[in-house]
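A quick write-up on the structure given underneath.
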Amino acid sequence: GDSVTQMEGPVTLSEEAFLTINCTYTATGYPSLFWYVQYPGEGLQLLLKATKADDKGSNKGFEATYRKETTSFHLEKGSVQVSDSAVYFCALTGSGGSNYKLTFGKGTLLTVNP
Amino acid sequence: NAGVTQTPKFQVLKTGQSMTLQCAQDMNHNSMYWYRQDPGMGLRLIYYSASEGTTDKGEVPNGYNVSRLNKREFSLRLESAAPSQTSVYFCASSGDRVVWYFGPGTRLLVL
């Protein structure tokens, strides 16, 4: 079945550091890929998405490129802020009949120190 | 436009007690979902409803039942709570299966 593997956390960075959170997936066909963010005590919010190969999703300075050849969707940000401290989830929906649900990775806790 | 709302926000139960978690959305979405979130496990799908009148099991349905009361509301019931059901429960909805909207979650502690 479909699965998502993302780097284990926690990740601790200083403000203005470069962020990469790795995400790889296993799915048949052409899944859609997502990054969700969960701030402390809150629900999940969509951060960015990409629905076909080579698409780049971007939002709030975060970017991720859908790489079908490496089955990856790594999240990057050039300069993190304290307010980016949160848990980040990589997720996918399968194509065709398996697009009825989101499949999540285990999440990566990011802490940004001033 | 409230999005996805869940009640209660927090609940403590004793083993064997029952309760119903409520979820409602005001976006006219066909699909609704219940997930549970446990440390180190990400979110796992319990049940989903692709449209009003239909429900299907997800990855971890044991110990739960659901009701799609109407297009807006999708409830999750624990008939006999167990400590293993201590978790944070999220309801979600989607109109196009491209963007999902999540509620704020219900924290459940089963003693």
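The values are calculated or read from the model by the stated rules, or taken from the named source; none is laboratory data. Because the structure is a prediction, the values reported are computed rather than measured. Every residue, glycine among them, receives a Cβ derived from its backbone with ideal geometry; neighbour counts consider all protein chains shown.
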Hey, can you tell me all the residues within segment B:18-47 that are over 20 Å from B:Leu109 (Cβ atoms) and either touching a Ser or Thr at 6+ places or on another chain (Cβ under 7 Å) or of a type in the set (Phe, Trp, Tyr) (or both)? B:Ala24, B:Gln25, B:Met27, B:His29, B:Asn30, B:Ser31, B:Met32, B:Tyr33, B:Tyr47
Checking the condition at pLDDT 95 or above and of a type in the set (S, T, N, Q), which residue from B:Ser67, B:Ser94, B:Ser51 passes? B:Ser67
Please verify whether segment B:36-52 includes one or more residues that are touching a residue at least 40 places away in the same chain (Cβ under 8 Å), within 16 Å of B:Gly103 (Cα to Cα), surrounded by fewer than 15 Cβ atoms within 10 Å (Cβ to Cβ) and among the hydrophobic types (A, V, I, L, M, F, W, C). no
Among the residues in segment A:8-21, are any part of a strand (DSSP E or B), touching a residue at least 60 places away in the same chain (Cβ under 8 Å), within 12 Å of chain B (Cβ to nearest Cβ) and not aliphatic (A, V, I, L, M)? no
Across segment A:12-27, the tally of residues that are more than 26 Å from A:Lys68 (Cβ to Cβ) and of a type outside the set (D, E, K, R) stands at 4
Is it the case, given these coordinates, that A:Lys52 is within 11 Å of another protein chain (Cβ to nearest Cβ) and assigned to a loop (DSSP other than H, G, I, E, B)? no
Got at least one residue in segment B:11-34 being touching a helix residue (DSSP H, G or I) at 6+ places or on another chain (Cβ under 7 Å), surrounded by 14 or more Cβ atoms within 10 Å (Cβ to Cβ) and farther than 22 Å from A:Val37 by Cβ? no
Can you spot a residue in segment A:87-102 that is in contact with an Asp or Glu (Cβ under 9 Å, 6 or more places away or on another chain), modelled with pLDDT of 95 or more and crowded, with 20+ Cβ neighbours inside 10 Å? no
